[in-house]
Structure formats: C-alpha cells, structure tokens
Amino acid sequence: MERVLVTGGAGFLGSHLCDRLIQQGHDVLCVDNYFTGSKRNVAHLLGNPDFELLRHDVTFPLYVEVQRIFNLACPASPVHYQHDPVQTTKTSVHGAINMLGLAKRLDARILQASTSEVYGDPEVHPQQEAYWGRVNPIGVRSCYDEGKRCAETLFFDYHRQHALDIKVVRIFNTYGPRMHPNDGRVVSNFIVQALRGEDITLFGDGTQTRSFCYVDDLIEAMLRMMDTERGFTGPINIGNPGEFSMLELAETVVRLVGSRSRLVYRPLPSDDPRQRQPDIALAREKLDWQPRVALEDGLKETIAYFRKLLAGDNA
C-alpha cells in the first residue's frame, strides 16, 4: 500500500482515479478546490479509512507526505477554463511548480495529466507524441493550451535538472459518468440537450472530428503509465483512436436517448480544432494498453448517469 496524492481528485477523472486506487489498496489523499469538482463525486468514499478529502488550491504550496502524486488539478472544459483564464494558467503553471516541488522534497514519483490540446489545431493527423503542435498563444483557449504546455516544460526541466521521476500523459477527449452537466463538452452537451428534448447544438457544419475514450479505459492507461519503469517519462498519448464527426455523435446520442431533438447549427468557436485523433502506438507498446469500450456502450452508461442526475435535479 502506498500513500497517493490526487490533485483535482473530486473532478470527473480524478474521482474515478480515486476509486481505482482505493480498489488497489492504496491510501488516497484527494485534494480539490471544488471549482469544477464536486464532493458528490467522492461522497461514496468518505467513510473509507483509506480515503481522505482535503479542500486546497494547488496554486498554493501543499505540505503532506506521500509516495506518488497524480496531478490532475485544472478546469478542462472551455466554459470553465475561460471563465477565469488567468486563474486557469496559474493552476497549470503554479500548480505544477508546487506539486513538482513537493515531489522533489519527497523524492516521489509524479504524473502530469496533460492534454491533446498541446497539439492545438493540428497539421499532422493523427497526432504523434513527437509532433510539437500548432497553438495560438494569444487566443481564448490559450490559457489552457499554453498552461498545459508550460506545465510539460516544467516537468521535463525538473526531470533534467533534479533527476525527478516524472510521467506525462496527454489525454484526448474522455467521457463517462460524473461529467459536469454544464461543462460545455460535446458529449455532455448532446446528452443533456437530448434528455431535455432541446435542440442539439452543432458548431460549424458538424464535420469536425473527435476521438472519444470511455473513462474506465483512460484511468487504466494512467495507472499503467504510473507503474512503468523509472526513466520512461512520456509524453504518451492516451485516448481512443476511433474518430467520429460531431454529426455522427449527435445522431447516435439522439437515437440512444430516444429523443425528438432537432439538430441546429451555430458558428464554429474561435481556435476550435477541426480534427483530433490520437496515435496510440506508443501506449500499445509501452503500456500494453488500448481502449476496450465501444462508443455506443460508453454512451449508454453516460446517458444512464445523466438521466438519473437530471431526474434528481427535477425532483
């Protein structure tokens, strides 16, 4: 059993990660400031003696004793990270500095949850880890994109300068239960709109593509990456290489929900990538991992979660 710190642990991904770590027998310290996370996501763990919940903002130093650190703290949807872009950048950059400083003091292994957004609006398709990206440094998404890119820089500089044991994963679109209903992400948007019988909002002409990984697959990859040999740092892409257009996703959600929602089109947001698909050859080789959950199966689980959530809100 190890003492493991999960920052952003009450968020969508963080809460699922805490679940798995507890199942593996670890002692988990979950840290979150609840900007996008929720106590509800980890309420079922509060009675477990191996789980501890701490309200804390990673832009301030944290003094705890742990053996491993998963750094997931940062709002990850445009609606949330554009709400306070300065704080978003601080969370990525100051948060990385504080967690890397903690890892250095403790000689702890630390994993950074980076993002496919480091590739920006890519000129290379699918995206390999060696691709440096095409990112607008002064756009409305830059607080997140460049914040995460800077965090990667810090991780690799701590590795080179202080021999810190780092792991970096680049997470592509992920979905599943515990997504925030108002996060503006396409899967949660479509499902909530369909369940409410509202129009399904498509941006652009609906031909832009994304690759959707179910949360259970994603967490498995993160855990495997954390357990790789010392010296293998990444970055490594984790996501589902299956590529779907926004129109295909909308039609699938409407069909699975049994909704009569209409599809309506709006202008494409600024700096919105046209294509996004991970090359996961490195994950297959190094982690012996690939996604197992088909999109329809994952969507059914996610729809069931939102159906229950919305029913509770309306009760």
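Yes or no: Leu223 touching a residue at least 12 places away in the same chain (Cβ under 8 Å) and touching a Phe, Trp or Tyr at 6+ places or on another chain (Cβ under 8 Å)?
Working: touching a residue at least 12 places away in the same chain (Cβ under 8 Å): yes; touching a Phe, Trp or Tyr at 6+ places or on another chain (Cβ under 8 Å): no.
No, not satisfied.
Within region 96-148, restricting attention to residues that are of a type in the set (Lys, Arg) and either more than 16 Å from the chain's Cα centre (by Cα) or surrounded by fewer than 19 Cβ atoms within 10 Å (Cβ to Cβ) (or both), which residue is farthest from His159 (Cα to Cα)?
The residue in question is Arg134.
Are any of the residues in region 280-287 assigned to a loop (DSSP other than H, G, I, E, B) and open to solvent by 80 Å² or more (accessible area, probe 1.4 Å)?
Start the filter on region 280-287 by keeping residues that are assigned to a loop (DSSP other than H, G, I, E, B), which leaves 280.
Checking which are open to solvent by 80 Å² or more (accessible area, probe 1.4 Å) leaves us with none.
Checked region 280-287: no residue is assigned to a loop (DSSP other than H, G, I, E, B) and open to solvent by 80 Å² or more (accessible area, probe 1.4 Å).
Select from region 249-261 the residues that are modelled with pLDDT of 95 or more and open to solvent by 30 Å² or more (accessible area, probe 1.4 Å) and list them in ascending order.
Within region 249-261, Glu251, Arg255, Leu256, Gly258 meet the criteria.
List the pairs whose first member sits in region 13-25 and is within 24 Å of Phe212 (Cβ to Cβ), whose second member is among the basic types (Lys, Arg) and open to solvent by 30 Å² or more (accessible area, probe 1.4 Å), and whose Cβ atoms are under 6 Å apart, counting only residues at least 6 apart or on separate chains?
Matching pairs, first to second residue: Ser15/Arg178.
Of all residues in region 1-26, which are open to solvent by less than 40 Å² (accessible area, probe 1.4 Å) and among the charged types (D, E, K, R)?
Correct list: Asp19 only.
Please pick out the residue among Gly312, Gly298 that is small (Gly, Ala, Ser), in a helix (DSSP H, G or I) and at pLDDT 95 or above. Full working, then the answer.
Values: Gly312 fails: at pLDDT 95 or above.
Among Gly312, Gly298, only Gly298 is small (Gly, Ala, Ser), in a helix (DSSP H, G or I) and at pLDDT 95 or above.
Per-residue answers, yes or no, for (1) aliphatic (A, V, I, L, M); (2) over 20 Å from Pro273 (Cβ atoms):
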position: Leu111; (1), (2): yes, yes
position: Pro126; (1), (2): no, no
position: Arg141; (1), (2): no, no
position: Tyr144; (1), (2): no, no
position: Lys148; (1), (2): no, no
position: Lys167; (1), (2): no, yes
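Take the residues in region 262-287 that are charged (D, E, K, R) and modelled with pLDDT of 90 or more; name whichever of them is farthest from Trp132 (Cα to Cα). So that I can check it myself, show each step before the final result.
Kept after step one, since they are charged (D, E, K, R), are these residues of region 262-287: 262, 266, 271-272, 274, 276, 279, 284-286.
Checking which are modelled with pLDDT of 90 or more leaves us with 262, 279, 284-286.
Working: Arg262: 39, Asp279: 14, Arg284: 21, Glu285: 21, Lys286: 21 Å.
Filtering first and then ranking leaves Arg262.
Just give me the residues in region 20-46 being assigned to a helix (DSSP H, G or I) and either closer than 19 Å to Glu65 by Cβ or touching a helix residue (DSSP H, G or I) at 6+ places or on another chain (Cβ under 7 Å) (or both), in sequence order.
Those that are assigned to a helix (DSSP H, G or I) and either closer than 19 Å to Glu65 by Cβ or touching a helix residue (DSSP H, G or I) at 6+ places or on another chain (Cβ under 7 Å) (or both): Arg20, Leu21, Ile22, Asn41, Val42, Leu45.
The values are calculated or read from the model by the stated rules, or taken from the named source; none is laboratory data. Predicted model, so just to flag it, every value in this text is computed and none were measured. Glycine also receives a Cβ, built like all others from the backbone with ideal geometry; neighbour counts cover every protein chain displayed. Quick note on the areas: whole protein, heavy atoms, side chains included, nothing else; ligands and nucleic acids left out. Shrake-Rupley method; radii C 1.70, N 1.55, O 1.52, S 1.80 Å.
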